[in-house]
Every structure is written in C-alpha cells, then in structure tokens.
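Please treat every number below as a calculation from the coordinates, not as lab data. Everything numeric in this text was worked out from a predicted model, so none of it was measured. Glycine gets a Cβ as well: all are built from the backbone with ideal geometry, and neighbour counts include every protein chain shown.
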Amino acid sequence: MMKMTNNLLLWYNSNARDLPWRQNPNPFYIYLSEIILQQTRIEQGLAYYHRFIERFPTITDLANAEQEEVLKLWQGLGYYSRARNLFKAAQIIRDSNRGTFPTTYKALLKLPGVGPYTAAAIASTAFGEVVPAVDGNVKRVVARFFSLTDSIDDTATIRQISTLLDQYISKKEPGNFNQAMMDLGALICKPRNPLCSECPIAEQCIAHKENRTSELPVRTKKTKVRNRFFYYFVLIQNNHTVLNERTDKDIWQGLYEFPLLESEMQLTEEQVINYLKKHYLNDQKKVSTISFTAPVKHILSHQIIMAQFIIVKSASNFVISLPTPLQDVSKYPVSRLVDRFIQSSGLF
DNA sequence: AAATCGGGGCA
DNA sequence: TGCCCAGATTT
C-alpha cells in the first residue's frame with residue numbers, strides 16, 4: 001500500500017466525522033445523503049436528511065409519494081432539480097429490478113441526478129467498488145498534494161485527478177479512502193488557512209513543501225450576476241389567496257408563489273398598480289387596501305432578486321379570477337423568498 | 001466548454 | 001462582497 005494511503009486511512013480511523021449514514025451501509029441512506037449534500041454543507045443538509053428518512057424509510061416509500069410532497073420536504077435547500085430527480089430515480093428503481101438498488105458505478109450513473117461523483121461515492125461506500133469519488137474537497141486536496149497548476153474547473157484536470165487517485169485508492173477499503181479524502185478536505189485541507197501541521201499526508205504534499213497552499217487550487221469559473229425585479233401580488237379575498245406553480249425552465253421550477261410581475265428594471269409603484277388593476281382588479285373602487293412591503297434583496301449565487309410584495313385586501317369580489325384558490329399556503333412548496341414573506345407577514 | 005440551477009456561512 | 005460547499009444537466 002502507498003504510504004499516503006496508509007497514513008490517510010490511519011488518520012481517518014480516529015478522526016472520521018460521525019455522520020448518520022455512516023452508521024449502517026443501507027444504500028438508500030447513502031444515496032439520499034449524497035444527493036442532499038451536492039453543493040451543500042453537511043450542517044445545512046443534516047436536518048433534511050433526518051426529515052427524509054423519517055418520512056421515507058425506504059426508497060419505495062419515496063417512489064410512492066407525490067412529487068409535491070417531496071418538493072415541500074426539500075423546501076429551502078435549493079437546487080430543486082435534485083428533488084425532482086431524486087423522486088424520478090426512486091420510481092425507476094421501484095419499477096425495474098423489483099426495487100433493488102443498482103450496485104455498480106456504471107449502473108448508478110444512469111440514474112437521473114447521479115453524476116460521476118455521486119455514482120463513485122455510492123459504488124465505493126455502499127458496494128466496495130474501487131473507484132475514486134472526486135468532489136470539491138478531493139479536487140482541492142489532490143491539486144495541492146501534486147501541485148496541479150491547471151484549473152480544477154477544467155474537465156481535463158478532473159480526469160487527471162481521477163487517474164492519479166486510481167494509483168492511491170485503497171483496493172481493500174475504497175469507500176473509507178474516499179470518505180477519508182473528503183473529511184481531510186473538510187477538516188484539515190480547508191480552502192483558506194489549511195491546518196497543515198495536523199495533516200497526515202503533509203510530508204508528501206508538494207504545495208505544503210513549497211509553501212504554496214494559499215495559491216492552490218487554481219480556479220477559473222467566473223460568476224456574472226444578473227439583476228431581476230419581482231413584484232408579487234398577495235391577493236386576499238374571503239380568506240383565499242392565489243398561488244401559481246412555476247413551470248418555466250427557470251429558477252424555482254415546480255415551486256409555488258404569488259402572481260408575479262417580473263421586470264429587468266425597477267418599476268414605480270404607479271406602474272405596478274396599473275398592472276395590478278389591469279390584470280387582477282375588475283372594479284378598483286371596491287378595493288379596500290393596497291400596501292407595498294419594503295423591497296427585499298434576495299441574493300443568489302448567479303442572480304440578485306429585488307422583491308416587493310403587494311398586499312391587496314378586499315371583502316368584495318375584486319379579483320378577476322382565482323384559478324386555484326388555496327387556503328393553506330403551508331402545504332405547498334415555495335421558495336425561501338416567498339416562505340420568508342409568509343412567515344413574517346402573519347397573514348396566513 | 002460554458003451556462004444554469006439555491007441557499008447559507010464565512011473572512 | 002466574493003468564494004465555497006459530498007455536482008449534475010443542458011446548451
């Protein structure tokens with residue numbers, strides 16, 4: 001066994017994080033945790049993991065649910081295509097192979113929402129297949145260990161990392177090796193201020209020897225931010241309000257929200273009210289109150305949404321149509337932005 | 001290869 | 001603010 005491999009596994013033996021899905025090798029638990037943790041910190045995903053396994057003890061339970069319930073459980077976690085693909089994959093597994101989980105990297109890769117990293121993580125951890133799992137932590141550790149100066153966002157570099165790891169991964173404990181690499185990246189080989197003095201493989205780490213850990217890894221992705229202005233109409237009439245499902249290929253697909261006026265520029269209250277009257281009010285004289293909340297800034301990684309909620313109340317029939325009158329907004333999956341308004345407004 | 005998809009934590 | 005997090009899919 002390579003010295004690096006040995007040192008890493010020894011370190012993992014006494015420093016592994018205590019994570020719930022590490023306590024038993026149920027493939028569904030491991031799979032679920034991997035999907036939840038895509039681009040998500042463990043501290044943030046943990047509560048969702050517990051919520052899901054309590055409601056869906058088996059993958060068949062998940063497959064037999066409604067997508068809406070799955071999205072509701074996912075609410076607030078982001079990247080909602082993960083939830084839709086999770087649900088799809090559960091149904092595929094239920095309907096093929098008599099509900100048994102795929103056991104190989106190649107077969108896992110065919111599931112929607114399962115890419116190279118997730119397939120490798122499940123195959124190695126749950127089924128002992130010798131295949132390296134390369135996530136953000138591992139890319140950072142390897143880039144420093146071998147002092148790779150090509151961008152880790154480049155697909156060629158990711159292939160190179162995977163090929164390098166083929167020579168170091170433990171043939172006997174591939175799952176533990178992959179888990180150890182990720183724990184090392186999370187606990188020791190952190191993006192900023194890595195704890196090299198506590199690192200079990202620092203002795204052979206080129207970046208450490210050359211004192212260049214702060215320069216590595218090299219990244220190239222640049223995120224350009226788009227500004228959007230959302231004007232939500234909270235139409236309240238006879239204790240009903242209106243929610244619409246977002247179905248476009250856009251943010252928050254499959255989630256519900258209030259009727260929306262979207263603009264690339266900021267609009268005046270007058271413009272917004274004109275739109276409101278034209279589309280939703282048939283007799284403006286019967287409207288009792290129209291109030292604007294203060295603008296809410298919702299910052300996302302690739303766009304900034306300035307949102308304003310326009311609360312419209314009336315006892316009479318002022319709304320042209322209530323396509324889907326809903327009383328219990330708490331039953332429907334909504335974005336974090338809308339949820340914050342619902343929680344703080346005290347209207348529902 | 002580049003764009004898109006959420007949300008939170010941290011320096 | 002910018003960067004990163006147990007990435008995958010579409011363009």
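Couple of notes before you dig in:
- Cα long-axis angle, helix A:174-187 against chain A (0 to 90 degrees, to the nearest 10): 70 degrees
- Backbone N within the stretch A:198-233 under 20 Å of label point (7 Å from A:Asn13 Cα along the Cβ vector): A:198-204
- Anchor A:Lys172: aspartates and glutamates whose Cα lies under 13 Å away (excluding residues fewer than 8 positions away in-chain): A:Glu129
- Taking A:Ile206, A:Ile299, A:Ile311 and counting other C-beta atoms within 10 Å, the order from fewest to most: A:Ile299, A:Ile206, A:Ile311
- When each of A:Lys171/A:Lys209; A:Lys190/A:Lys297; A:Lys3/A:Lys139; A:Lys106/A:Lys221 is checked by Cα-Cα distance, pairs over 24 Å: A:Lys171/A:Lys209; A:Lys190/A:Lys297; A:Lys106/A:Lys221
- In terms of other Cβ atoms within 10 Å, A:Asp61, A:Asp18, A:Asp135, A:Asp95 run from fewest to most in the order A:Asp18, A:Asp95, A:Asp61, A:Asp135.
- Equivalent ellipsoid of chain A: semi-axes from √(5λ) of the C-alpha gyration tensor, largest first, are 47, 25, 16 Å.
- Modelled spin-label separation between A:Asp61 and A:Lys209, with each label point placed 7 Å from Cα along the Cα-to-Cβ direction: 5.2 nm.
- For the stretch A:1-53, the Rg and Dmax computed from alpha carbons only, in angstrom: 13.6, 40
- Label positions at A:Arg226 and A:Ser291, each projected 7 Å from the Cα along the C-beta direction, are separated by 3.4 nm.
- Cα-based helix-to-principal-axis angle, A:336-345 vs chain A, degrees rounded to 10: 50 degrees
- Protection proxy ranking, highest mean first, for peptides A:222-230, A:121-129: A:121-129, A:222-230, where packing is the per-residue count of other beta-carbon atoms within 10 Å, averaged.
- Sorted by Cβ neighbour density within 10 Å, fewest at the top, the residues A:Ile152, A:Ile188, A:Ile92: A:Ile92, A:Ile188, A:Ile152
- All lysines inside 18 Å of A:Lys278 as judged from Cα atoms, apart from same-chain residues fewer than 8 positions distant: A:Lys286, A:Lys313
- Listed by chain and number, the lysines placed with their C-alpha closer than 16 angstrom to that of A:Lys110 are A:Lys88; residues fewer than eight positions away on the same chain are left out.
- Computed lengthening from A:Leu46 to A:Lys313, 0.36 nm per intervening residue step minus Cα-Cα distance: 92.2 nm
- Once the Cβ-Cβ distance of A:Thr104 and A:Arg219 is raised to the sixth power relative to R0 = 25 Å, the FRET efficiency obtained is 0.20.
- Rounded FRET efficiency, nearest 0.05, which uses the C-beta distance separating A:Lys190 from A:Gln343 and R0 of 51 Å: 0.95
- 222 nm mean residue ellipticity, helices alone, for chain A (DSSP H n ≥ 4; -39,500 (n - 2.57); rounded to 500): -12500 deg cm²/dmol
- The distance between label points at A:Thr268 and A:Asp95 comes to 5.4 nm (points 7 Å beyond Cα on the Cα→Cβ vector).
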